[in-house]
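A quick write-up on the structure given underneath.
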Amino acid sequence: MDLVIRDARVIDGTGGPSYRADVAVRDGRIAQICREGTPRPSGTRTLDADGRVLAPGFIDMHAHSDLAILRDADHSAKAAQGVTLEVLGQDGLSYAPTDETTLAAVREAITGWNGDGSDIDFDWRTVGGYLDRIDRQGTAVNAAYLIPQGSVRMLAMGWDDRPATDDELATMKRLVAEGMEQGAMGMSSGLTYTPGMYASDAELTQLCRVVASYGGYYCPHHRSYGAGALEAYAEMVALTREAGCALHLAHATMNFGVNKGRAPELLALLDAALEEGADITLDTYPYTPGCTTLVAMLPSWANEGGPEATLARLADPATAARIRHVMEVEGADGCHGVPIEWDAIEISGVSNPALASYVGATVAESAAARGEEPWVTAHRLLTEDRLGSTILQHVGHEENVRAIMQHRVHTGGSDGILQGAKPHPRAYGTFPQYLGRYVRELGVLSLEECVAHLSGRPAARLRLPDRGLVREGYMADLVVFDPETVAAGSTFEAPRALPTGIPHVLVAGRPVIEDGRRTDVLAGRAVRRQAC
């Protein structure tokens, strides 16, 4: 054997009880599991678990590391958490498929998520090309990809807010089919982000039928997490059932004051659909604030035409006043139909270094310090940062977070944005936060159940036949952690602090974290859709 992990408390990812065993690895796979009382295997290397938990590597079902995995060989943000696979291409906007024009627009539109990409050689234009680039370069952890529906729409018909023509819809269906054939796991949407939000349910249904024909799943950031949240969830359930497509609900939360304590209504909606045979899963992060870009708060009509058109509208006083009225009085669709609360919008990152003093304060706080109205502050940030500012949005409810994470179709997803001076701590802390706070401290989940939420269950959604469990023949993507000390180090004050209690992480049997430190191993590769 290449490696033997001795005296481990194995939690295998099924949700079943733990057991003591030695686990042997050969050629990147789990070759032998020897329970107590059976002959012990020998190997070239030995790792003594000392009774700590050995679990399948965690799967981040909602990650925004699309460029980070290419620019940052270390990538401890995920590797140190025990993550061995993350799913990219989220919220309907990413870098494949593209052409020259679309790539430039996407780079500008999601600078707040991934940086402007000036340090990246964009030597791909297709989904397959992006996955090949990951394979050539190697990464700290594995990566899977969803076809971004907003990018597909942009490629087929630009930023227009109108129905697609038959030819444009045919182009979109072809692009989705090509992406699936090249290895994508499914398709994502950002239905509060332009231009993906301009798609009708009929258009989305057609694209989901293509995804379903390849055995993939649809992962929408749906049309509202606020005033119309339950209706938006129901819309996605009905749409995918009509298309015959599996559904995975992205960062499934119930936010804003209108939804306080309403998680049971969402879960009842999902239970009814599941009982009728729907194929549904969801992911959440174990925190109450959300994270996005400041420009995402604008009404959708203000973003039509792309970033340059948005900046032109903000530069026109009459149009800017109209935007302000919609945001502060009516409730913009970008802010989920709820009038914006500037004291809940904290600036977490800026692209323009001259604006660094705004980071870490709410818009309301910065405005008060400058003796101006919050809109004036927000307008300055939008224009002088060229729409690149990221925000924390303090609109969640702890009781909703706890209720949703206990559901039987729940999985873990960080929704981690790594950009900005003070990113959301979920980017560096989601998985140890589950294990430390919600298992050990609060008892919301049992340890075995939580590990299943973070490994076996997401692997099943991705239809990966050899990942997500500690089982002979499976890939040796593994994590060793101490259930008594595992904890997120990241906080809102120190968001990039690494976790504790996770000494070892293996990807394909090779140590990417050893004795709590990142090695130079780049064992991660693109994980492509398995033929159904």
Item to complete: Consider only pairs whose beta carbons are under 7 Å apart and that are at least six residues apart or on different chains; among these, list those whose first residue lies in segment 415-436 and is outside any loop (DSSP other than H, G, I, E, B) and whose second residue is modelled with pLDDT of 95 or more and charged (D, E, K, R).
Response: G416/R426; R426/D415; Y428/R496
Fill in: Those residues of segment 87-146 which are hydroxyl-bearing (S, T, Y) and more than 20 Å from the chain's Cα centre (by Cα), in sequence order
T98, T101, T102, S118, T126
Item to complete: Report whether or not G226 is surrounded by fewer than 18 Cβ atoms within 10 Å (Cβ to Cβ) and either modelled with pLDDT under 95 or part of a loop (DSSP other than H, G, I, E, B) (or both).
Response: no
Discussion item. Out of the strands (runs of 3 or more DSSP E) lying entirely within segment 3-50, which hold 3 or more residues that are of a type in the set (D, E, K, R) and not assigned by TED's automatic domain parsing to the domain that holds I502?
Written reply: 3-10, 19-26
Worksheet item: Do any helices (runs of 4 or more DSSP H) lying entirely in segment 78-147 carry at least 3 residues that are surrounded by fewer than 24 Cβ atoms within 10 Å (Cβ to Cβ), and which ones are they?
Response: 100-109, 127-137
Discussion item. Looking at V4 and the list (1) more than 22 Å from A523 (Cα to Cα); (2) free of Cβ contacts under 8 Å to residues at least 60 places away in the same chain, which single condition is not satisfied?
Written reply: (1)
Worksheet item: Of the residues A427, A523, which single one is more than 30 Å from C245 (Cβ to Cβ) and either of a type in the set (A, V, I, L, M) or outside the structural domain of A356 (by TED's automatic domain parsing) (or both)?
Response: A523
Response to the item:
Sole miss for A421 among (1) modelled with pLDDT of 95 or more; (2) assigned by TED's automatic domain parsing to the domain that holds G82 is condition (1)
Practice prompt. Mind counting the residues in segment 501-516 that are touching a helix residue (DSSP H, G or I) at 6+ places or on another chain (Cβ under 9 Å) and either part of a loop (DSSP other than H, G, I, E, B) or not assigned by TED's automatic domain parsing to the domain that holds A452 (or both)?
Written response: 2
Practice prompt. Would you be able to tell me the number of residues in segment 165-198 that are assigned to a helix (DSSP H, G or I) and of a type outside the set (A, V, I, L, M, F, W, C)?
Written response: 11
Worksheet item: Is it the case that R52 is over 18 Å from the mean Cα position of the chain (by Cα), surrounded by fewer than 24 Cβ atoms within 10 Å (Cβ to Cβ) and without any contact (Cβ under 8 Å) to a residue 60 or more places away in the chain?
Response: no
Worksheet item: Taking segment 162-184 only, how many residues are buried (at least 16 other Cβ atoms within 10 Å of the Cβ), of a type in the set (A, V, I, L, M) and either more than 23 Å from the chain's Cα centre (by Cα) or not assigned by TED's automatic domain parsing to the domain that holds D132 (or both)?
Response: 3
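The values are calculated or read from the model by the stated rules, or taken from the named source; none is laboratory data. This is a predicted model, so every value here is computed, not measured. Cβ atoms come from the backbone with ideal geometry, glycine included; neighbour counts cover every protein chain shown.
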